[in-house]
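Read the figures in this text as sums done on the coordinates, not as results from a lab. Everything numeric in this text was worked out from a predicted model, so none of it was measured. All Cβ positions, even for glycine, are placed from backbone atoms using ideal geometry, and neighbour counts span all protein chains on display.
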Amino acid sequence: MGIFVEDTEAKAREFLRDHPVSFPYGADWQLTLARPLGFRGMPYTVVMSPQGDVARRFFGPVEEADLVAAIQELLAAPK
């Protein structure tokens, strides 16, 4: 899921027009969700566990391999 922060709705729509995405997205203009998740600036990526806990945070650009590794670690964890 993508969440637009620190932007305007017009800029978010322009971004989506220029960069179509295949995942759900929303907006958090007041950082109501982002602040409790440790947001400090863009780009910021949070990997959530199946239980809804923060499993991993990436501050700054993130490589696909790092995301894959974080997700594989979650999938391999005992349930």
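Here are some residues: Ala10, Ala27, Ala70, Ala34. Which one is of a type in the set (A, V, I, L, M) and loosely packed, with under 13 Cβ neighbours inside 10 Å?
Going through Ala10, Ala27, Ala70, Ala34 in turn, the sole match is Ala10.
Would you check which residues across region 38-58 are closer than 25 Å to Ala10 by Cα and hydrophobic (A, V, I, L, M, F, W, C) and list them? Don't jump to the end; show me each part of the working.
Kept after step one, since they are closer than 25 Å to Ala10 by Cα, are these residues of region 38-58: 39-46.
Answer for region 38-58, where residues must be closer than 25 Å to Ala10 by Cα and hydrophobic (A, V, I, L, M, F, W, C): Phe39, Met42, Val46.
Using beta carbons and a limit of 9 Å, which pairs, at least six apart or on different chains, have the first residue in region 21-38 and on the phi > 0 side of the Ramachandran plot and the second one among the β-branched types (Val, Ile, Thr) and part of a strand (DSSP E or B)?
Partner pairs satisfying both residue conditions: Gly38/Val46; Gly38/Val54.
Which fully enclosed strands (runs of 3 or more DSSP E) of the chain have 1 or more residues being among the charged types (D, E, K, R)?
In the chain, the matching strands (runs of 3 or more DSSP E) lie at 54-59.
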